[in-house]
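Chemist: Starting off with a structure, shown below.
The values are calculated or read from the model by the stated rules, or taken from the named source; none is laboratory data. Since this is a predicted model, take the numbers as computed values, not measurements. Every residue, glycine as well, gets a Cβ built from its backbone with ideal geometry; the counts of neighbours run over all protein chains shown. When the accessible area is computed, the model is the full protein with side chains, heavy atoms only, and any ligands, DNA or RNA have been set aside. Shrake-Rupley method; radii C 1.70, N 1.55, O 1.52, S 1.80 Å.
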Number of protein chains: 2
Amino acid sequence: MSVSETINAKAIELGKYVVRMTTQAGSGHPSSGLSLGHLVISLMHRHMRWDPADPWNPGNDRLVLSEGHAVPVVYAAYADLGGVVGKSRDKSHTLTAHELDRLRTVDSELDGHPNPAEGFPFFDAATGSLGQGLSVGAGLGLAARLRKCDKRIFVIIGDGESREGQVWEALDFIVDHRLTNVTPIFNANGQGQADYVSPQQSAEALTKKLEAFGWAVKVIDGHNVEQIDAALAAVPEGRPIAIVARTVKGWGVSALQTKGNHGKPLEPEQVPAAEADLDAMYAKLGVPKTADRTLVPPKPKSLAPLAHKAIQLPPFAEAMKEYGLAGALEKKKLATRRAYGVALAALGKADERIVALDGDVSNSTFANVFAKAFPDRFFECKIAEQNMISTAAGLAAAGFIPFASTFAKFLARAYDQIEMASISRANIKLCGSHAGVSLAADGPSQMSLPDLAYFRSYTETDDGFGRPACVVFHPADAIATYHCTAIAANLTGMCYIRTHRPDAPFLYDPNTKFEVGGSHQLAEGPALTIASSGYMVTVARQAVEKLAAEGVRCTLFDAYSFPLKGEPILAAARRTGGKILVVEDNYIGGLYGALAEAAARTGGVIVESLVCRRIPKSAKTPEEMFAYLGLSVADIVAKAKTLAR
Amino acid sequence: MSVSETINAKAIELGKYVVRMTTQAGSGHPSSGLSLGHLVISLMHRHMRWDPADPWNPGNDRLVLSEGHAVPVVYAAYADLGGVVGKSRDKSHTLTAHELDRLRTVDSELDGHPNPAEGFPFFDAATGSLGQGLSVGAGLGLAARLRKCDKRIFVIIGDGESREGQVWEALDFIVDHRLTNVTPIFNANGQGQADYVSPQQSAEALTKKLEAFGWAVKVIDGHNVEQIDAALAAVPEGRPIAIVARTVKGWGVSALQTKGNHGKPLEPEQVPAAEADLDAMYAKLGVPKTADRTLVPPKPKSLAPLAHKAIQLPPFAEAMKEYGLAGALEKKKLATRRAYGVALAALGKADERIVALDGDVSNSTFANVFAKAFPDRFFECKIAEQNMISTAAGLAAAGFIPFASTFAKFLARAYDQIEMASISRANIKLCGSHAGVSLAADGPSQMSLPDLAYFRSYTETDDGFGRPACVVFHPADAIATYHCTAIAANLTGMCYIRTHRPDAPFLYDPNTKFEVGGSHQLAEGPALTIASSGYMVTVARQAVEKLAAEGVRCTLFDAYSFPLKGEPILAAARRTGGKILVVEDNYIGGLYGALAEAAARTGGVIVESLVCRRIPKSAKTPEEMFAYLGLSVADIVAKAKTLAR
């Protein structure tokens, strides 16, 4: 049998699995999978250099299935090749065709959408929220270049999916960074979920757009093996290559080809007719019914994973001097965002796994300290935060430790990508700067106010490996920022570091220890316990000093991390009249939420709050802003007096 | 003086204001404003048909300044025309040149970025988080068409900003919907913040891309009045027109033209030299120094605002029958997402202000019930959620009541746009379907787990008009969904309605009253108070029945709205041993957070929770999923027994 015949025969054979798996599961997207049979088999059985027995080998070519709902066809092809599944090499087994029927069940590795963390290591990232895969591929492409590995990354994207703006951000990014090792394949089957795809996403329109974005485009029939072959074998000449493949949704099965069949499996009684339809394709294509088993992917080069090791930073003062901030040591004050930049550069010096990404604001987030020191490991993502986060997830999948920074407000642009990264258990570190109302003058469009509620939401969710789905650091001074950034780098999993614009005085001895979920007591007094975090610690400390001068001595905590260990603060509260006043620069759901939940688990402690309870506007200074919002030193003093015993 | 001379002279004059305003404020982006002088003046003084004395007139042509940081030049032009500022007609005054110096102060209408809600009604939406303005313009364009008004909408977009994928979503949307009344103007000044813009965003690249996206493109010198004139006067022939204007960042001021001057005002001592630079432009351009005051914009047609009125729905059963769901009335069960569709269609019948948008999943969210009934008021946004939300904000600014729906998970794609809409006080209604872990089979990429924490974060923030920044509805059955959707339509401000995939039994009498922040008691018993919301009420109710059968009679609350009035539930808890068990299908920060905060304000009630504390995966049924996550009926029963007195 010729290779072409084999692939055609396999497309029919695996098509049957797709139909049966989804019917057995009672849900899924058989029509999408059928449209991809020839492409997926051409990739997995022929063009991708990878080892089904070792899907963890970093030298393997990679496939990112951006239109994740089509995944059953990949599972079927994977079983056909005897691919290995499991959460680790130790706990792995060869996927059998029989197991395909366990699609979407709770004890299966075969989730409804690609989900590597549940034991399908062929994939690098969870997909299924559309438009993110090409960015993941870009991250994998950058990683391959850093590792001097000539692997290729293929990304399959739906035509309807290409409406997502992130796809166009990724296309720009790939051209900017000359990542010709990344090949997007657009699956132009012409049908979306609720309707046909727009003419704006037709194969013709996509082709024009891709060319205008600087790409070489190969337009092919996605069911023609020779055309697929030629497109996949094409060598980029300067510009990266994109493939636009015209396909038939529900290929081979007439019942799945009409509009309205997106995401609908056949009823069991429809399966025999579907199988008959597919059987008829053998004759139609002129290929024998028994599929050849000799077609296997070419072997990849073996590449060792990047070695894990603890990353140690130099003492704070040393790093500050190295990166030109000796003056701040004398003044004993510095914005936390500047300390982040120093820590990031020091981390980069200590470990080559550290990479950084920023969205055209590196001179504000201070990721530019790293960029200057390690330009080859800094990736300018321009004003396109969605692509930045998914690219970071791709870099993380390849073993790097990416720090992605922008204004905290603009990270919200990528909250969906961040949730997908959490499902991938991506080891990404996010830094959101200029957070909260202390930004003042620029106004609310540049602040970030629901971010602590959002990120805290993840922090008490186990990622399945005994770790929080996200760890949050909200440091109050430069020293805390320096140490928390180092902790984040050494943790495995997603972290969020929240920094602020204004200079803040040093509150800590440079050798202070910080930890996940930790807090530090900054003042002791019997009248009331006050808890705060980030820049508001500085404001609360001024209030505590003023209160002390008036004879109202309060206990003050800096609760700088979630998931918060609340007990030390609750214990202090029990010693100070049973009350806690929380001071925050964001909407509800952050520290106030965490301490209220901790208090409500045991009862007996009352928690009150001064948080941002009004949509902010511009104000000339942070102090003017605090006064506008009832968060000034005077407001804290007044509120504390009403609560103090 | 010729018009051209006047505009040139004004560009110089207003440039001086831009320099002085930002220096006075001590922050801001003078170089961006200077690049737009000729364009803004040509628009505001000459091409836009609008009334500076009545910026609220819906018949006015509109300007959306997507690159919001450039706003001082608009403020200066507005003051030059004697434009009126204020939060309402009653409380308004003419902006004077003197007031420009109050830029970015807390008592000024002139926020650091466009912020209509603070009293600058010339704008329709807060901008400053980049890439959103063209979508807002698309919403305004749709609204104009619905109102049969021939107004034009101009949108100024930065070249660096055009890296944001949302811009390309909006460009597709405008072509799909043939909105030739919307004219984007790309400000190609070549400089971003941290660096020059990428060649991918050069004027040449933008032109190619726009043409490939189906646009007619006029490339002009953005400081040449004749070229600006011709481009703005061009009449679309089929395709919409986009303008690419080459400009000079820091036009007229040499100190602001070098790289690294983004977002940096001049120091006071630099201002005289800048003014001298600008003064020299008079001679250079050959225009007299005294600017002509006779240039005023053409008068618009007057158009009445859409009338506010209460929207009444027919009885539940009547609407159910009208939209083909009589069967559900007999079975007494229906998915909340289906009831949403019925309510939406009934609202559409009751009031023409109701419009709906969806992202290619209207047959899942059931917005398609509305789409079938009112196709002219339904806008298919395809798979591009960011554009959908900002378009909704544009429709809301024009007086419509837009309901935007997609999977709750995919709304996260637009959380930044949602925060911007909250700053605009946009009257938008969001419906997120398939929320939470009851989705099961599709897996976590399609669920939404931090959404309640995120949206609840807004609910205790005042929008400045005595309303919550967002109201959340999380109905447990079809009847609750029907009524809550009607409440949302009648509220002014942002609402989030969270619906679920599975069928849920009817829990309520069809005439039950629902309210913002409300809850209903569904069972009475002395052993323990259990609170839940959404689909989990059905699960908790099964647990309560099972517990009752074992002699453990519990009180059950359906807490279906935030900001939650917690007192009835706390009062019940005090009667049932002082404990509440919260049952939720999402990560922390939702109902558990709300009740913990309520309890911690007074003390004396313990709140425990069963929430999603593990990242989910696929499971065949909701029940299998609940068991995996410790949220099954059996888990609730077991936990309740440990807490029951």
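Chemist: Does segment A:116-127 contain any residue that is polar (S, T, N, Q), within 10 Å of chain B (Cβ to nearest Cβ) and either surrounded by fewer than 23 Cβ atoms within 10 Å (Cβ to Cβ) or closer than 22 Å to A:S35 by Cα (or both)?
Modeler: Looking for residues that are polar (S, T, N, Q), within 10 Å of chain B (Cβ to nearest Cβ) and either surrounded by fewer than 23 Cβ atoms within 10 Å (Cβ to Cβ) or closer than 22 Å to A:S35 by Cα (or both), one finds at least one in segment A:116-127, hence yes.
Chemist: Also, I was wondering about something else. Would segment A:389-402 turn up any residue that is within 13 Å of chain B (Cβ to nearest Cβ), surrounded by 24 or more Cβ atoms within 10 Å (Cβ to Cβ) and either within 17 Å of B:A414 (Cβ to Cβ) or without any contact (Cβ under 8 Å) to a residue 24 or more places away in the chain (or both)?
Modeler: Within segment A:389-402, one or more residues are within 13 Å of chain B (Cβ to nearest Cβ), surrounded by 24 or more Cβ atoms within 10 Å (Cβ to Cβ) and either within 17 Å of B:A414 (Cβ to Cβ) or without any contact (Cβ under 8 Å) to a residue 24 or more places away in the chain (or both).
Chemist: Tell me which residues, restricted to segment B:251-288, are at positive phi and open to solvent by less than 20 Å² (accessible area, probe 1.4 Å).
Modeler: Across segment B:251-288, the qualifying residue is only B:G252.
Chemist: Give the residue that is nearest to the other protein chains (Cβ to nearest Cβ), with candidates limited to residues of segment A:325-350 that are under 18 Å from A:I428 (Cα atoms) and open to solvent by less than 10 Å² (accessible area, probe 1.4 Å).
Modeler: A:G341
Chemist: Looking at B:K513, B:K429 in this structure, which one is farther than 19 Å from B:V361 by Cα and not small (G, A, S)?
Modeler: B:K513
Chemist: Report, by residue number, each residue of segment B:606-624 that is open to solvent by less than 10 Å² (accessible area, probe 1.4 Å), within 7 Å of chain A (Cβ to nearest Cβ) and of a type in the set (A, V, I, L, M, F, W, C). Give the derivation first.
Modeler: Narrowing segment B:606-624 to residues open to solvent by less than 10 Å² (accessible area, probe 1.4 Å): B:607, B:611-612, B:615-619.
Narrowing further to those that are within 7 Å of chain A (Cβ to nearest Cβ): B:607, B:612, B:615, B:617-619.
B:V607, B:C612, B:I615, B:A619, listed by residue number.
Chemist: Which numbered condition in (1) of a type in the set (D, E, K, R); (2) buried (at least 24 other Cβ atoms within 10 Å of the Cβ); (3) within 11 Å of chain A (Cβ to nearest Cβ) is the only one that B:D477 fails?
Modeler: (3)
Chemist: What about A:F514, is it in contact (Cβ under 8 Å) with a residue 12 or more places away in the chain, touching a Ser or Thr at 6+ places or on another chain (Cβ under 9 Å) and within 12 Å of another protein chain (Cβ to nearest Cβ)? It would help to see each step written out before you state the result.
Modeler: Numbers: in contact (Cβ under 8 Å) with a residue 12 or more places away in the chain: yes; touching a Ser or Thr at 6+ places or on another chain (Cβ under 9 Å): yes; within 12 Å of another protein chain (Cβ to nearest Cβ): no.
No: the conditions fail for A:F514.
Chemist: Then there's this: Give the number of residues within segment B:45-69 that are surrounded by 23 or more Cβ atoms within 10 Å (Cβ to Cβ) and under 18 Å from B:S424 (Cα atoms).
Modeler: Within segment B:45-69, residues that are surrounded by 23 or more Cβ atoms within 10 Å (Cβ to Cβ) and under 18 Å from B:S424 (Cα atoms) number 8.
Chemist: For residues in segment A:423-438 being out of contact with any Phe, Trp or Tyr (no Cβ under 6 Å at 6 or more places or on another chain) and in a helix (DSSP H, G or I), which is nearest to the other protein chains (Cβ to nearest Cβ)?
Modeler: Filtering segment A:423-438 for residues out of contact with any Phe, Trp or Tyr (no Cβ under 6 Å at 6 or more places or on another chain) gives A:423-428, A:432, A:435-437.
This time we only want the ones that are in a helix (DSSP H, G or I), so: A:423, A:437.
On the way: A:I423: 5, A:V437: 11 Å.
Checking each candidate, the answer is A:I423.
Chemist: For segment B:427-438, indicate whether the set of residues that are touching a Gly at 6+ places or on another chain (Cβ under 9 Å), more than 30 Å from A:L103 (Cβ to Cβ), at pLDDT 95 or above and open to solvent by less than 10 Å² (accessible area, probe 1.4 Å) is non-empty.
Modeler: The answer is yes, given that some residue of segment B:427-438 is touching a Gly at 6+ places or on another chain (Cβ under 9 Å), more than 30 Å from A:L103 (Cβ to Cβ), at pLDDT 95 or above and open to solvent by less than 10 Å² (accessible area, probe 1.4 Å).
Chemist: Do we have B:A412 as at the interface with chain A (Cβ under 9 Å from one of its Cβ atoms), buried (at least 24 other Cβ atoms within 10 Å of the Cβ) and in contact (Cβ under 8 Å) with a residue 12 or more places away in the chain here?
Modeler: The answer is yes for B:A412.
Chemist: Hey, can you tell me all the residues within segment B:592-604 that are touching a Gly at 6+ places or on another chain (Cβ under 6 Å) and within 7 Å of another protein chain (Cβ to nearest Cβ)?
Modeler: Selection gives B:G593 alone.
Chemist: Just to be sure I understand, how many residues within segment A:235-250 are open to solvent by less than 20 Å² (accessible area, probe 1.4 Å) and in contact with a strand residue (DSSP E or B) (Cβ under 6 Å, 6 or more places away or on another chain)?
Modeler: Going residue by residue through segment A:235-250, those that are open to solvent by less than 20 Å² (accessible area, probe 1.4 Å) are A:240-245, A:247, A:249-250.
Keeping just the survivors that are in contact with a strand residue (DSSP E or B) (Cβ under 6 Å, 6 or more places away or on another chain) gives A:241-245, A:247, A:249.
Adding up the residues that qualify gives 7.
Chemist: Identify the single condition in (1) more than 18 Å from A:E99 (Cβ to Cβ); (2) part of a helix (DSSP H, G or I) that A:V18 does not satisfy, given that it satisfies every other one.
Modeler: (1)
Chemist: Then there's this: So, of the residues in segment A:447-471 that are crowded, with 24+ Cβ neighbours inside 10 Å and polar (S, T, N, Q), which turns out to be nearest to the other protein chains (Cβ to nearest Cβ)? Before the answer, list the steps.
Modeler: Of segment A:447-471, the ones crowded, with 24+ Cβ neighbours inside 10 Å are A:447-458, A:461, A:469-471.
Of the ones still in play, those that are also polar (S, T, N, Q) are A:448, A:457, A:461.
Numbers: A:S448: 8, A:S457: 4, A:T461: 5 Å.
Checking each candidate, the answer is A:S457.
Chemist: Let me ask another. Across segment B:21-60, what is the number of residues that are in contact (Cβ under 8 Å) with a residue 60 or more places away in the chain, of a type in the set (A, V, I, L, M, F, W, C) and in a loop (DSSP other than H, G, I, E, B)?
Modeler: 4
Chemist: Residues of segment A:480-500 being polar (S, T, N, Q), open to solvent by 10 Å² or more (accessible area, probe 1.4 Å) and assigned to a loop (DSSP other than H, G, I, E, B), which ones?
Modeler: A:T492
Chemist: For A:V355, work out the one condition from (1) within 12 Å of A:T485 (Cα to Cα); (2) in a strand (DSSP E or B) it doesn't fulfil.
Modeler: Tallying (1) within 12 Å of A:T485 (Cα to Cα); (2) in a strand (DSSP E or B), A:V355 fails exactly one: (1).
Chemist: Restricting attention to segment B:204-230, and to residues there that are more than 13 Å from chain A (Cβ to nearest Cβ), in contact (Cβ under 8 Å) with a residue 40 or more places away in the chain and open to solvent by less than 20 Å² (accessible area, probe 1.4 Å), which single residue is farthest from B:S42 (Cα to Cα)? It would help to see each step written out before you state the result.
Modeler: To start, the set of residues in segment B:204-230 that are more than 13 Å from chain A (Cβ to nearest Cβ) comprises B:216, B:218-230.
Restricting the remaining residues to those that are in contact (Cβ under 8 Å) with a residue 40 or more places away in the chain gives B:222-226, B:228-229.
Now narrow it down to the ones that are open to solvent by less than 20 Å² (accessible area, probe 1.4 Å): B:222, B:225, B:228.
Numbers: B:G222: 10, B:V225: 7, B:I228: 7 Å.
Checked segment B:204-230; the qualifying residue farthest from B:S42 (Cα to Cα) is B:G222.
Chemist: Let me ask another. Please go through segment B:3-30 and pick out each residue that is of a type in the set (V, I, T), more than 14 Å from B:Y282 (Cβ to Cβ) and open to solvent by less than 10 Å² (accessible area, probe 1.4 Å). Quick ask: steps written out before the conclusion?
Modeler: Taking segment B:3-30 and keeping what is of a type in the set (V, I, T), we get B:3, B:6-7, B:12, B:18-19, B:22-23.
Filter again for more than 14 Å from B:Y282 (Cβ to Cβ), leaving B:3, B:18-19, B:22-23.
Those that are of a type in the set (V, I, T), more than 14 Å from B:Y282 (Cβ to Cβ) and open to solvent by less than 10 Å² (accessible area, probe 1.4 Å): B:V18, B:V19, B:T22.
Chemist: Go through (1) surrounded by 24 or more Cβ atoms within 10 Å (Cβ to Cβ); (2) away from chain B (no Cβ under 14 Å) and name the single condition A:S362 misses.
Modeler: Every listed condition holds for A:S362 apart from (2).
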